[in-house]
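The structure appears below as structure tokens.
The values are calculated or read from the model by the stated rules, or taken from the named source; none is laboratory data. All values reported here derive from a predicted model rather than from experimental measurement. For neighbour counting, all protein chains shown are included, and Cβ atoms are generated from backbone atoms with ideal geometry for every residue, glycine included.
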Amino acid sequence: MYLRVKREDIVRIPPDRLAEDIDTLAQQLTRETLEGKVGADKSLTLIASNIQREGEGRIVHGDGAIYQKVKFDAVVFKPYLQEIVDGTVVEVLKFGAFIRFGPLDGLLHISQILDDRVDADEVGQRLVGKDSKRDVRVGDKVRARVVAVSLNERNPRESKIGLTMRQAGLGKLDWIEEDRKKTTERKAPPRKGRR
């Protein structure tokens, strides 16, 4: 999910800023241009550091700007299909819940919460299992699996990431702990009394 990678890219240095220190300018423009953007490898660049200019820049005829090649280290966020993520419920709607994990939100559709029928309680801002009575509310910590990823290159906050909690070991963290305790109790051998 979070990776530290080495990157190369080209930044445009506008002609009206050429009087400034080129190294400082290349660093500033690299951060402004690339941080918060989705790259060609479908990862979201969070931080660019150790930015170094590579060689001399190129001037494109008719533009006047310098196109400067830069190398840098980056911390990126890249959700993978089938990856297990821990997150927090940030919004509950009648069709599901939005889960924030890392810098993005994923949609947990109402059909992917429980193996039970789930109803929306819009007044109470929760999604409730009809038979199990388990519920999901804003602020709950959950563990889910990524089932769909479509990162929006123009606006990463509008990316579409689908999640599911309909498997063993997934769900609200409280449910996982309850299930673990039940399993442990069933497997524990009976205690023998002292003589």
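Tabulated values for the structure
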item	result
Residue among Lys94, Lys42 that is modelled with pLDDT under 95 and in the same structural domain as Ser150 (by TED's automatic domain parsing)	Lys94
Residue in the range 90-100 that is of a type in the set (Phe, Trp, Tyr) and under 30 Å from Ile51 (Cα atoms) present	no
Strands (runs of 3 or more DSSP E) completely within the range 72-132 that count 2 or more residues being of a type in the set (D, E, K, R)	84-93, 118-121
Hits in the range 135-178 - residues which are assigned to a loop (DSSP other than H, G, I, E, B), modelled with pLDDT under 90 and within 15 Å of Arg100 (Cβ to Cβ)	Ser159
Scan of the range 7-35 for residues that are within 30 Å of the chain's Cα centre (by Cα), surrounded by fewer than 16 Cβ atoms within 10 Å (Cβ to Cβ) and touching a residue at least 12 places away in the same chain (Cβ under 8 Å), ordered by number	Glu8, Ile10, Arg12, Glu35
Residues of the range 57-74 classified as surrounded by fewer than 16 Cβ atoms within 10 Å (Cβ to Cβ) and at pLDDT 90 or above, total	4
Of all residues making up the range 106-146, the number that are touching a residue at least 60 places away in the same chain (Cβ under 8 Å) and either basic (Lys, Arg) or surrounded by fewer than 17 Cβ atoms within 10 Å (Cβ to Cβ) (or both)	1
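Residue by residue, here is whether (1) under 22 Å from Val147 (Cβ atoms); (2) not assigned by TED's automatic domain parsing to the domain that holds Thr45 holds:
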position: Arg58; (1), (2): no, no
position: Gly64; (1), (2): no, no
position: Pro103; (1), (2): yes, yes
position: Val128; (1), (2): no, yes
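Let's see how each residue does on (1) under 30 Å from Asp9 (Cα atoms); (2) touching a Gly at 6+ places or on another chain (Cβ under 8 Å):
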{"site": "Ala65", "(1), (2)": "yes, no"}
{"site": "Lys71", "(1), (2)": "yes, no"}
{"site": "Val89", "(1), (2)": "no, yes"}
{"site": "Phe98", "(1), (2)": "no, yes"}
{"site": "Leu104", "(1), (2)": "yes, no"}
{"site": "Leu108", "(1), (2)": "no, yes"}
{"site": "Val123", "(1), (2)": "no, no"}
{"site": "Lys141", "(1), (2)": "no, yes"}
{"site": "Leu151", "(1), (2)": "yes, no"}
